[in-house]
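Chemist: This is the structure, below, for whatever I ask next.
The values are calculated or read from the model by the stated rules, or taken from the named source; none is laboratory data. Predicted, not measured: the structure shown is a model, and the values here were computed from it. We place every Cβ from the backbone using ideal geometry, glycine too, and count neighbours over all the protein chains shown. With ligands, DNA and RNA removed, areas are computed over all heavy atoms of the protein, side chains included. Shrake-Rupley method; radii C 1.70, N 1.55, O 1.52, S 1.80 Å.
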Amino acid sequence: MAARKRTDQLTLKSPPPQPPPDVEQTPVAQFARKAYLDYSMYVILDRALPHIADGLKPVQRRIIYAMSELGLSATAKFKKSARTVGDVIGKFHPHGDSACYEAMVLLAQPFSMRYALIEGQGNWGSPDDPKSFAAMRYTESRLTRFAQTLLSELEQGTTEWGPNFDGTLREPRLLPSRLPHVLLNGASGIAVGMATDIPSHNVLEVVNACIELLDNPDANIAQITKHIKGPDFPTDAEIITPLAEIRDMYKTGNGSIRQRARWEIEDGDIVITALPFQVSGSKVQQQIAQQMNAKKLPMVEDIRDESDHENPTRIVLVPRSNRVDVEELMAHLFATTELERTYRVNMNMIGTDGRPRLFTLKELLLEWLDFRIDTVRRRLQHRYDQVNSRLHILDGYLIAYLNIDEVIKIIRREDEPKPVLMRRFKLSDPQAEAILELKLRYLNKLEEVQIRGEQSRLSEERTSLEKILGSKARLRKQTREELLRDAEEFGDRRRSPIVEREAAKALDATALIPSEPVTVVLSEKGWIRAGKGHDIDPNALQYRGGDAFLHAAHGRSNQLAVLLDSTGRTYALPAHELPSAKGHGEPLTAFLTPAPGATFTGVMMGDPNELWLLTTEDGYGFVARLEDLITDRKAGKTVVNVNEGATTLRPQRVFDVDRDRVAAATSEGKLLLFPVSELPQLARGKGVQTIKIHRTPIAPEKVVSTAVVPGDGTLVVHAGKRFTNLKPSDLESYVGKRAQRGLKLPRGFQNVTLIRVFADREPRTTSGELVM
């Protein structure tokens, strides 16, 4: 045991094994942090964000450069896109060919780029489906004339070059853009921790803003936005964002832009002629058709697409009649479909210092102008060096021409004529090399004149370049003139007009439902259905076995059907959503969740301000407005406080509070009529006593039925299968005060099962309960 303890102690005290010397140990947290930061910077700098200088992401820049290396200028023949993609991924961009081709397609789609950089031949997608382009083996492409604003100064010492991914070739780090492409074509991308959404703009407006800043670097955002009114998308749809919001967006570098479709009236039809940027016409038609199928656009009869090559966007909406408020209809469609769209604006990009950040419009233009001025300076300096070098060579040529015989003798006699020429005529190494490379045919009599003429021209050019390079003001003026030339060559009219419009507002849901007469029928077992029209006889409908008609109400399809259950709770259902009366309907429990054991006693429909009589078996009741009975809860809400052992009776419509009378019949054969005005109007409660009843413990009396009788109405009293009509003159003897006992009905009709009104009033066609 002692030996085992000593062994355990030795084991615990032994040091951990040391890693091999070529293995680096790093804490997991530190390694993960570094790996994530490296990945983040790679995505930001090399994938997602454009550079302020040329407005391009690396893949776009490499596509444009590779096409220029293939000689695919605007005047060259088209070449297969697969050739371009192969060069891009094989020489400069070692990523997937499909991703590279998709980036190339985006540069060629005129509906995606405000100023396309690639001209395509074949299927390059459509505004309805931008990703429906053909495979790269079928399409052909070349650069557009506008792409020369990125490439024309590339070989003039204007940019830095670096090795490609495998070090075998060189590629430009940036393209020397003559125009601020980052604003002209915009950009969008999602990086790690930041995203960019830069809308496109108009060449003329952007150049004018640049000129403003060249002349007045302290110009404020109000002065700049006099030139740049707002974004200019590759579509004719209207920009409806207020100018104040656009100015704030440019002032902060982020915000949003709303664009709305353009439409016009043509022969009574609504014709949509332009859609917002990146909105599919077919998707808009689907959205409108869905609303039509759901009966949420009753004012639209038909929709059709008449777009063709001459009219790329022509969607026709046919109103149901000339009474349709077209402005209101279009405002609803703008609010509920992509006919109006909002675009985020986040002007995140990589600055000239290589760091990504958010730019305001003024900061962006000033930094790009600094880049452009520096590019012009480098180009002029490159040309200045070329002119000096050429003049130096021409000086050597002139010496050689004036001493041609001696030069020829040295060349023929010496094994190494170069150093001899340099010593004899005090030539530099480039001069001597140029003389030795000179062809004999240039040694004619006119050569001296040509040399001196070229020297004169180059000397003048050198003097001009020295003046520009030696003066910041002249350099800015040169930049200004070049911008104006490019604006004149590539400028065009604004495509997206900026218009002040009212905010779109969707129509109220009930306003979109067609207002048609309906009859809602409720059965004894709680099944409900609705039929078109008010001429339906509920008793003639078929019911399930053991079921029968209970109650019905007339109303409109855009109204709510309000139901009352035996516990005094009310519920509401849209009439247009109820099952058709052609079948047996559906149980109310499929739509609602009444209390266990509760049964439905009636249905009400009509204007929200209409009054209804609510009564109970134990002789209480009150008048309520229909609006107070409406609820959106599936479990309903308590309106009538019902005593234990009692239930509610069928609700009755009150037409005239001053003239109508309440008729109440009890199980003892008593009948009482009193004015409706004696009952209180409540939103909820128990109410007051309607008729006095005897509450004996053995066989308690209860109210069997109630009715609202107009002043000239006839009351029909049912006793089983027998019934009798009590005319107004007969009813006078039953008239009394509320809460009285009432009088006995005639013999044979004291076992009352139902009382109802045989009304001599005008037919009701819009609302109200069905008199049965």
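Chemist: Among the residues of region 507-550, which ones are in a strand (DSSP E or B) and loosely packed, with under 15 Cβ neighbours inside 10 Å?
Modeler: Within region 507-550, just Lys532 meets the criteria.
Chemist: Within region 338-361, restricting attention to residues that are assigned to a strand (DSSP E or B) and among the β-branched types (Val, Ile, Thr), which residue is surrounded by the most Cβ atoms within 10 Å (Cβ to Cβ)?
Modeler: Our first condition is that a residue be assigned to a strand (DSSP E or B); within region 338-361, this holds for 340-346, 348-350, 356-358.
Narrowing the set further to residues that are among the β-branched types (Val, Ile, Thr) leaves 342, 345, 350.
Numbers: Thr342: 10, Val345: 20, Ile350: 22.
The residue in question is Ile350.
Chemist: Just name the residue that is nearest to Asp628 (Cα to Cα) out of those in region 558-568 that are under 41 Å from the mean Cα position of the chain (by Cα) and open to solvent by 10 Å² or more (accessible area, probe 1.4 Å). Reasoning before the result, please.
Modeler: Looking only at region 558-568, we keep the residues that are under 41 Å from the mean Cα position of the chain (by Cα), and these are 558-563.
Retained after the next criterion (residues that are open to solvent by 10 Å² or more (accessible area, probe 1.4 Å)): 558-560.
Working: Asn558: 18, Gln559: 15, Leu560: 13 Å.
By that ranking, first place goes to Leu560.
Chemist: In the list Leu364, Leu333, Leu380, Leu317, which residue meets the criterion of being within 30 Å of Ser464 (Cβ to Cβ), in contact with a helix residue (DSSP H, G or I) (Cβ under 9 Å, 6 or more places away or on another chain) and either in a helix (DSSP H, G or I) or at pLDDT 90 or above (or both)?
Modeler: Within the list Leu364, Leu333, Leu380, Leu317, the selection yields Leu380.
Chemist: Within region 644-671, track down each residue that is in a strand (DSSP E or B) and open to solvent by 20 Å² or more (accessible area, probe 1.4 Å).
Modeler: Pass one, region 644-671, residues in a strand (DSSP E or B): 648, 652-654, 661-666, 670-671.
Selection gives Gln652, Arg653, Arg661, Lys670.
Chemist: Pairs only if they're at least six apart or on different chains, beta carbon under 7 angstrom, first in region 268-281 and free of Cβ contacts under 8 Å to residues at least 40 places away in the same chain, second open to solvent by 30 Å² or more (accessible area, probe 1.4 Å) and part of a strand (DSSP E or B); list them, first residue then second.
Modeler: Ala274/Arg262
Chemist: Six or more apart or on different chains, Cβ under 7 Å: which pairs go from a residue in region 218-231 that's under 13 Å from Thr360 (Cβ atoms) to one that's part of a loop (DSSP other than H, G, I, E, B)? Could you list them?
Modeler: Close Cβ pairs satisfying both conditions: Ile228/His201.
Chemist: State whether one or more residues within region 489-504 are in a helix (DSSP H, G or I) and either on the phi < 0 side of the Ramachandran plot or modelled with pLDDT of 95 or more (or both). Steps first, answer last, please.
Modeler: From region 489-504, those in a helix (DSSP H, G or I) are 489-490; that's our starting set.
Add one more test, that the residue is either on the phi < 0 side of the Ramachandran plot or modelled with pLDDT of 95 or more (or both), and what stays is 489-490.
Checked region 489-504: at least one residue is in a helix (DSSP H, G or I) and either on the phi < 0 side of the Ramachandran plot or modelled with pLDDT of 95 or more (or both).
Chemist: Still on this model: Can you name the strands (runs of 3 or more DSSP E) wholly within region 708-763 that have at least 1 residues being of a type in the set (Lys, Arg) and open to solvent by 20 Å² or more (accessible area, probe 1.4 Å)?
Modeler: Details: elements: 714-719, 722-726, 754-758.
It comes to 722-726, 754-758.
Chemist: Taking the condition of being assigned to a helix (DSSP H, G or I), surrounded by 14 or more Cβ atoms within 10 Å (Cβ to Cβ) and touching a residue at least 40 places away in the same chain (Cβ under 8 Å), how many residues in region 399-440 meet it?
Modeler: 2
Chemist: Something else now. Condition test on Gln259, is it in contact with a Pro (Cβ under 8 Å, 6 or more places away or on another chain), at pLDDT below 95 and within 23 Å of Asp236 (Cβ to Cβ)?
Modeler: Details: in contact with a Pro (Cβ under 8 Å, 6 or more places away or on another chain): yes; at pLDDT below 95: no; within 23 Å of Asp236 (Cβ to Cβ): yes.
No.
Chemist: Can you name every residue in region 262-285 that is loosely packed, with under 15 Cβ neighbours inside 10 Å and under 23 Å from Pro234 (Cα atoms)?
Modeler: Glu264, Ser282, Lys283 - these are the residues of region 262-285 that are loosely packed, with under 15 Cβ neighbours inside 10 Å and under 23 Å from Pro234 (Cα atoms).
Chemist: Answer yes or no: is there a residue in region 588-597 that is closer than 23 Å to Ala646 by Cβ, more than 47 Å from the chain's Cα centre (by Cα) and surrounded by fewer than 21 Cβ atoms within 10 Å (Cβ to Cβ).
Modeler: yes
Chemist: Go through (1) at pLDDT below 95; (2) farther than 30 Å from Pro356 by Cα; (3) open to solvent by 50 Å² or more (accessible area, probe 1.4 Å) and name the single condition Asp46 misses.
Modeler: (2)
Chemist: Kindly list the number of the only condition in (1) in a loop (DSSP other than H, G, I, E, B); (2) in contact with a Leu (Cβ under 7 Å, 6 or more places away or on another chain); (3) open to solvent by less than 20 Å² (accessible area, probe 1.4 Å) that fails for Thr631.
Modeler: With respect to (1) in a loop (DSSP other than H, G, I, E, B); (2) in contact with a Leu (Cβ under 7 Å, 6 or more places away or on another chain); (3) open to solvent by less than 20 Å² (accessible area, probe 1.4 Å), Thr631 is out only on (2).
Chemist: If you don't mind, there's one more thing I want to ask. Being in contact (Cβ under 8 Å) with a residue 24 or more places away in the chain, in a helix (DSSP H, G or I) and either open to solvent by less than 40 Å² (accessible area, probe 1.4 Å) or touching a helix residue (DSSP H, G or I) at 6+ places or on another chain (Cβ under 7 Å) (or both): is that true of Val387 here? Let's see the steps before the verdict.
Modeler: Working: in contact (Cβ under 8 Å) with a residue 24 or more places away in the chain: yes; in a helix (DSSP H, G or I): yes; either open to solvent by less than 40 Å² (accessible area, probe 1.4 Å) or touching a helix residue (DSSP H, G or I) at 6+ places or on another chain (Cβ under 7 Å) (or both): yes.
Considered against the rule, which asks whether it is in contact (Cβ under 8 Å) with a residue 24 or more places away in the chain, in a helix (DSSP H, G or I) and either open to solvent by less than 40 Å² (accessible area, probe 1.4 Å) or touching a helix residue (DSSP H, G or I) at 6+ places or on another chain (Cβ under 7 Å) (or both), Val387 comes out as yes.
Chemist: Can you name the helices (runs of 4 or more DSSP H) wholly within region 66-174 that have at least 3 residues being among the acidic types (Asp, Glu) and crowded, with 16+ Cβ neighbours inside 10 Å?
Modeler: Numbers: elements: 81-87, 97-108, 148-151.
It comes to none.
Chemist: Can I ask one more? Which one is nearest to Gly602 (Cα to Cα) among residues in region 688-703 that are at pLDDT 90 or above and more than 60 Å from the chain's Cα centre (by Cα)?
Modeler: In the first step, residues of region 688-703 are kept if they are at pLDDT 90 or above; the result is 688-693, 701-703.
Next, only the ones that are more than 60 Å from the chain's Cα centre (by Cα) stay: 691-693, 701-703.
Values: Ile691: 21, Lys692: 24, Ile693: 23, Glu701: 22, Lys702: 18, Val703: 16 Å.
Restricting to residues being at pLDDT 90 or above and more than 60 Å from the chain's Cα centre (by Cα), the top hit is Val703.
Chemist: Test each condition in (1) modelled with pLDDT under 95; (2) open to solvent by 10 Å² or more (accessible area, probe 1.4 Å) for Ala575 and report the one that comes out false.
Modeler: Only one criterion in (1) modelled with pLDDT under 95; (2) open to solvent by 10 Å² or more (accessible area, probe 1.4 Å) is unmet by Ala575, namely (2).
Chemist: Can I ask one more? Taking the stated definitions as given, is Leu541 touching a Phe, Trp or Tyr at 6+ places or on another chain (Cβ under 8 Å), touching a residue at least 60 places away in the same chain (Cβ under 8 Å) and more than 30 Å from Val300 (Cβ to Cβ)? Spell out how you get there, then give the answer.
Modeler: Values: touching a Phe, Trp or Tyr at 6+ places or on another chain (Cβ under 8 Å): yes; touching a residue at least 60 places away in the same chain (Cβ under 8 Å): no; more than 30 Å from Val300 (Cβ to Cβ): yes.
No.
Chemist: Among the residues in region 476-487, are any in contact with a helix residue (DSSP H, G or I) (Cβ under 7 Å, 6 or more places away or on another chain), surrounded by 14 or more Cβ atoms within 10 Å (Cβ to Cβ) and hydroxyl-bearing (Ser, Thr, Tyr)?
Modeler: Yes, some residue in region 476-487 is in contact with a helix residue (DSSP H, G or I) (Cβ under 7 Å, 6 or more places away or on another chain), surrounded by 14 or more Cβ atoms within 10 Å (Cβ to Cβ) and hydroxyl-bearing (Ser, Thr, Tyr).
Chemist: Working only within region 665-683, note down all residues that are touching a Lys or Arg at 6+ places or on another chain (Cβ under 8 Å) and under 20 Å from Met604 (Cβ atoms).
Modeler: Val676, Leu679, Gln681, Ala683
Chemist: Can you name the residue in region 602-617 that is open to solvent by 20 Å² or more (accessible area, probe 1.4 Å) and touching a residue at least 40 places away in the same chain (Cβ under 8 Å) and is also farthest from Ala707 (Cα to Cα) among such residues? Break it down into steps so the answer makes sense when it comes.
Modeler: To start, the set of residues in region 602-617 that are open to solvent by 20 Å² or more (accessible area, probe 1.4 Å) comprises 607-611, 617.
Subsequent filtering for residues that are touching a residue at least 40 places away in the same chain (Cβ under 8 Å) retains 607, 610-611, 617.
Numbers: Asp607: 20, Glu610: 16, Leu611: 14, Glu617: 13 Å.
So, considering only residues that are open to solvent by 20 Å² or more (accessible area, probe 1.4 Å) and touching a residue at least 40 places away in the same chain (Cβ under 8 Å), the one farthest from Ala707 (Cα to Cα) is Asp607.
Chemist: Would you mind telling me which numbered condition in (1) touching a strand residue (DSSP E or B) at 6+ places or on another chain (Cβ under 7 Å); (2) among the hydroxyl-bearing types (Ser, Thr, Tyr); (3) more than 20 Å from Tyr734 (Cα to Cα) Ser667 fails?
Modeler: Ser667 satisfies every listed condition except (3).
Chemist: On to the next question. Condition first: hydrophobic (A, V, I, L, M, F, W, C) and surrounded by fewer than 17 Cβ atoms within 10 Å (Cβ to Cβ). Now tell me which residues in region 672-707 satisfy that. Even if it seems obvious, please write down each step before you answer.
Modeler: Initially, region 672-707 is screened for residues hydrophobic (A, V, I, L, M, F, W, C), giving 672-674, 676, 679, 682-683, 688, 691, 693, 698-699, 703-704, 707.
Matches in region 672-707: Ala683, Val688, Ile698, Ala699.
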